[in-house]
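Below is one structure, written out as structure tokens, with a few remarks after it.
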Amino acid sequence: MRGRRGDRMTINIQEHMAINVCPGPIRPIRQISDYFPRRGPGPEAAGGRGCGEAPAHLAPLALAPPAALLGATTPDDGAEVDSYDSDDTTALGTLEFDLLYDQASCTLHCRVLRAKGLKPMDFNGLADPYVKLHLLPGACKANKLKTKTQRNTLNPVWNEELTYSGITDDDITHKVLRISVCDEDKLSHNEFIGEIRVPLRRLKPSQKKHFNICLERQVPLPSPSSMSAALRGISCYLKELEQAEQGPGLLEERGRILLSLSYSSRRHGLLVGIVRCAHLAAMDVNGYSDPYVKTYLRPDVDKKSKHKTCVKKKTLNPEFNEEFFYEMELSTLATKTLEVTVWDYDIGKSNDFIGGVSLGPGARGEAQKHWSDCLHQPDTALERWHTLTSELPPAAGAFPLA
């Protein structure tokens, strides 16, 4: 842009960047030349405003506070707030939720509140969003929790509470909660919108923590196997990667079981209570199992220590509330091992092993502590959650049928 012949027009950076960023409807620019004034010959050019000055009739830039631009909300009093914003993730939307770890009841509560500005996924420019939760490592259908689907909206409100049972202090230290937002599609596969991963170690017992965080894309991870396996779904190589990180010595988790132990000094025996199971592995093609529980007191020379609960149909979170009694002196009981196994009942074929746990003097961690506390605190019912692993006790393999 030139004025007189041979003279170069100088325009400062402020006028180059004269953009109206005020939120609200876009106002049309009446004359683009107002932002780039010409300096022509004549007294007006010499005595008028300089080329670096903005036109007098232009309104100054109105900048809104960041909270108003992001649509941030203020949580209830007493809740700790955790939020952040990123230019790379705001296109996917934001998710607002609360987390609470109840140490007394061994439960993790996640209240999914709302999402804002989700990415459109359908032809009508909207989406049918829902939220699902997984605990990592070990994500599977057994520990998946899911909200209801909100139809035709980019700003859904759920206000639903999803609860994990059998969560221990060790889980809080090592596990990560993955929260995914997906679009439900009845005619094809559901589509992924975005996710959030929260390390549970950031939670404090019995203290609700409020989150308002931008969704992120799934981070592509290197597959330990061929790329063809990765194309069949991210879960294929996520599982391989988790197993590689955990090492060959760790056993696969198959769910949780809540056991009650009490030695009765009046009846001279051990009372074993099978209360419930949570997040069992799915063994049937319908995505569920038909679980029941068997208990043995080893060594069992006479093979008379077997007890079995009833079968609960089509569930991964069965409640049994059954008790078994082993008549035995306390000194003899101290040398025994209680084996608890969970099975999937099948008609006409061998039942499938889901998981098991052993409690006794040779056990480790919480299983050994639960057994020791039972022996040292007679006439006291002690309830503890235990992790079911894929290790099949040697003697239990001889009883595949119900």
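The values are calculated or read from the model by the stated rules, or taken from the named source; none is laboratory data. Bear in mind the structure is a predicted one, so any value in this text is a computation, not a measurement. Every residue, glycine as well, gets a Cβ built from its backbone with ideal geometry; the counts of neighbours run over all protein chains shown. Note: accessible area is taken over every heavy atom of the protein model, side chains too, but ligands, DNA and RNA are not part of it. Shrake-Rupley method; radii C 1.70, N 1.55, O 1.52, S 1.80 Å.
Within region 372-386, the set of residues being within 36 Å of the chain's Cα centre (by Cα), open to solvent by less than 70 Å² (accessible area, probe 1.4 Å) and not polar (S, T, N, Q) comprises Asp373, Cys374, Leu382, Arg384, Trp385, His386.
Criterion first (of a type in the set (Ser, Thr, Tyr) and under 20 Å from Ser206 (Cα atoms)) does Tyr101 satisfy it? Break it down stepwise before answering.
Numbers: of a type in the set (Ser, Thr, Tyr): yes; under 20 Å from Ser206 (Cα atoms): yes.
Taking the combined requirement at face value, the residue satisfies it.
So which of Tyr288, Tyr326 is at pLDDT below 90, open to solvent by 10 Å² or more (accessible area, probe 1.4 Å) and hydroxyl-bearing (Ser, Thr, Tyr)? Outline the logic, then answer.
Numbers: Tyr326 fails: at pLDDT below 90.
Just one listed residue meets the conditions, Tyr288.
Could you pull out every one of the strands (runs of 3 or more DSSP E) wholly within region 112-187 that has 2 or more residues that are closer than 21 Å to Leu258 by Cα, out of contact with any Gly (no Cβ under 9 Å at 6 or more places or on another chain) and open to solvent by less than 40 Å² (accessible area, probe 1.4 Å)?
Values: elements: 129-136, 157-165, 176-183.
Correct list: 129-136, 157-165.
Please verify whether Lys132 is closer than 25 Å to Cys277 by Cβ and in contact (Cβ under 8 Å) with a residue 40 or more places away in the chain, treating the condition exactly as stated. Yes; evaluated as a whole, the condition is true for this residue.
For region 330-371, name all the residues that are part of a loop (DSSP other than H, G, I, E, B) and open to solvent by less than 60 Å² (accessible area, probe 1.4 Å). Walk me through it before giving the result.
Residues of region 330-371 that are part of a loop (DSSP other than H, G, I, E, B), as a first pass: 334-336, 345-351, 360-364.
Once the filter is applied, which keeps residues that are part of a loop (DSSP other than H, G, I, E, B) and open to solvent by less than 60 Å² (accessible area, probe 1.4 Å), region 330-371 yields Ala334, Lys336, Asp346, Asn351, Gly360, Ala363.
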